Amino acid sequence: MIKIFEHFWLKLMALVLGFMLWFHVATEKIYNYQVLLPISEIVVKEDLTLAQSPPDTVMVVVSGTGKQILRKKWRERGVRIIASQLRIGRHSVELSASNVLLAYEASGISLEDIIAPGSITLQVDVLSEVQVDVRPDIITEPASGFAVGSISKPEPAQVTLIGPRSIVGNHPAVFTAHKELSGLRNSISLTLPLATPEGYGIRLEPDSVRVTIDVVPVKTRIFENIPIVVYNAPPNQNVVPQPASIRIELTGSPTEIDLLNRNALIASADYTQINGGGYSPVKIDCPSRFRVKKVSADSVLLRTN
């Protein structure tokens, strides 16, 4: 009977050495390999840029040793397409090994041929820079008993929008990324990222701004005898609300509420919302930075004369 386990470790070592020798010989051979690579860069003249997104990938044939082909770095880096001869406008560019290069030049591996696509369309435009205003996109909800006294101007108040001339000229301003804050009790400073406008090749410098939100205890102010306006009354009829005016208690920032003009408040009743008893709910319109704390009547009787 053959003793297969006799000198087991010597046999195992011989097997491992044999496999390593085979692997070394196999990976030293030159292979042609078809692979899908990302397009990492399209090179155009320094003062130009692309105005539309190019394809993401290209199918190519590479040649190299097995060891080089097995490495990941050259695959992850993808290819560069040389289009520095192009002027402003729309162009169809034929792809070949002369204008498509591996972004990571590894010794022992080369790009041999382009499988697909055979050509790509590139829209070339002037690279432009414009100064644009920054507008905060913030919704604040202070805690009960507090109000937002002010929201500072962004720092910086303007940023540089960089990209194709046909795109950047259509954006007089950019916004911060949308932010909602609730339960505010203390003043805070925030670094807000900017929302980059849509379009290929657009970037912002800097890409964020600083904003300070001043939170203060609220102050209550009472506005007496605010007249009630009736909307959608029947034609040729005089509709009289009872009561004809109401008292409104508002809360807000002490500084702002002291400056609030009573003419900025509108109390209204909609005749089309009248119920069976002849009452219509009262709606209060006031600037969004103030809150209605209390009204003397939440509905009024609408009588026709």
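Bear in mind these aren't lab numbers, they're just calculated from the coordinates by the rules spelled out. Quick caveat, the model's predicted, so the values are computed rather than measured. FYI the Cβ positions are ideal-geometry reconstructions off the backbone, even for glycines, and counts take in every protein chain you see.
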If I compute Rg and Dmax of the Cα atoms in Å from the structure I just sent, which labelled value in [x] 18.9, 55; [y] 19.2, 58; [z] 35.7, 122 lines up? [z]
When a/c reaches 1.5 or more, the comparison of a/b and b/c decides; with that in mind, is the stretch 261-304 rounded, prolate or oblate per its Cα gyration tensor? prolate
Where is the GNM fluctuation largest for the chain (alpha-carbon springs, 10 angstrom cutoff): Ala264, Ala157, Ala103? Ala264
Apply 1/(1 + (r/R0)^6) to the Cβ-Cβ distance of Ile115 and Ile162, taking R0 = 51 Å, and write down the FRET efficiency to the nearest 0.05. 0.90
Could you give the size of the charge dipole of the stretch 72-119 about its Cα centre, using +1 on the Cβ of each K and R and -1 on the Cβ of each D and E, expressed in debye and rounded to the nearest 20? 260 debye
GNM of the chain, Cα pairs under 10 angstrom: of Pro254, Pro206, Pro227, the biggest fluctuation goes to Pro227
Assigning unit charges at the beta carbon (Lys, Arg +1; Asp, Glu -1) and nothing else, what dipole magnitude in debye, to the nearest 20, does the stretch 249-303 show about its Cα centre? 60 debye
Compare the Cα positions of Thr49, Gln123, Tyr271 along the charge dipole of the chain (+1 at Cβ of Lys, Arg; -1 at Cβ of Asp, Glu; about the Cα centre) and return the one farthest towards the positive end. Tyr271
Rounded to the nearest 500, the 222 nm mean residue ellipticity computed for the chain from DSSP H runs (n ≥ 4, each -39500 (n - 2.57)) alone is -3500 deg cm²/dmol
For the stretch 151-229, the charge dipole (Cβ of Lys, Arg +1; Cβ of Asp, Glu -1; about the Cα centre) points to a positive end, and the Cα of Leu190, Tyr200, Pro227 closest to that extreme belongs to Pro227
Could you work out which residue, out of Phe290, Phe146, Phe223, moves most in a Gaussian network model of the chain, that is, has the largest mean-square fluctuation with Cα springs under 10 Å? Phe223
C-alpha long axis of helix 8-27 to longest principal axis of the chain, angle in °: 80 degrees
Taking the Cα centre of the chain as the origin, how large is its charge dipole in debye, to the nearest 20, when only Lys and Arg (+1) and Asp and Glu (-1) carry charge on their Cβ atoms? 640 debye
State the answer as a single residue: which of Pro281, Val60, Gln85 lies farthest towards the positive end of the charge dipole of the chain, with beta carbon charges of +1 for Lys and Arg and -1 for Asp and Glu, about the Cα centre. Pro281
